[in-house]
Amino acid sequence: MKIGITKSTIRYKKFKGKRVPLCDYEGTCKNKAYMEVYPFLLKEKHKKRGWNYLCRKHFEQENKKFKGKLPSCNVD
């Protein structure tokens, strides 16, 4: 049994010499991340969702679904 570092599922892209995370909405979007969201902070049925990065388009879509209460922060 191996114990060690787990493989990250976050995809990155080089942008002006820095590693920038990409949107991970359903694993199909390849846009630069705009916000980091935390649906697990909403409790109830979203408690197991963890966190993820979203581009502007998908952030607006998800924020509308959660009626503007989606906890998030900017990606630098």
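Just so you know, all these numbers are worked out from the coordinates, no wet-lab data involved. Note that the structure is predicted; figures quoted are calculated from it, not measured. We place every Cβ from the backbone using ideal geometry, glycine too, and count neighbours over all the protein chains shown.
Points worth noting:
- Sorted largest first, the spans of the alpha carbon positions of the chain along the three principal axes are 39, 38, 21 Å.
- Per-residue Karplus couplings for the range 18-29, computed as 6.51 cos²θ - 1.76 cosθ + 1.60 with θ equal to phi - 60°, are listed in order as 10, 7, 10, x, 9, 4, 10, 6, 6, x, 10, 7 Hz, Gly and Pro entered as x.
- Between the amide H of ASN52 and those of VAL37, distances stay under 5 Å, these residues lying 5 or more places away or on another chain, with hydrogens modeled in the peptide plane.
- Secondary-structure-derived ellipticity at 222 nm for the chain, considering helices only, amounts to -4000 deg cm²/dmol, per-run term -39500 (n - 2.57) for DSSP H runs with n ≥ 4.
- Burial ranking of peptide ranges 28-36, 14-22 (average Cβ count within 10 Å, highest at the top): 28-36, 14-22
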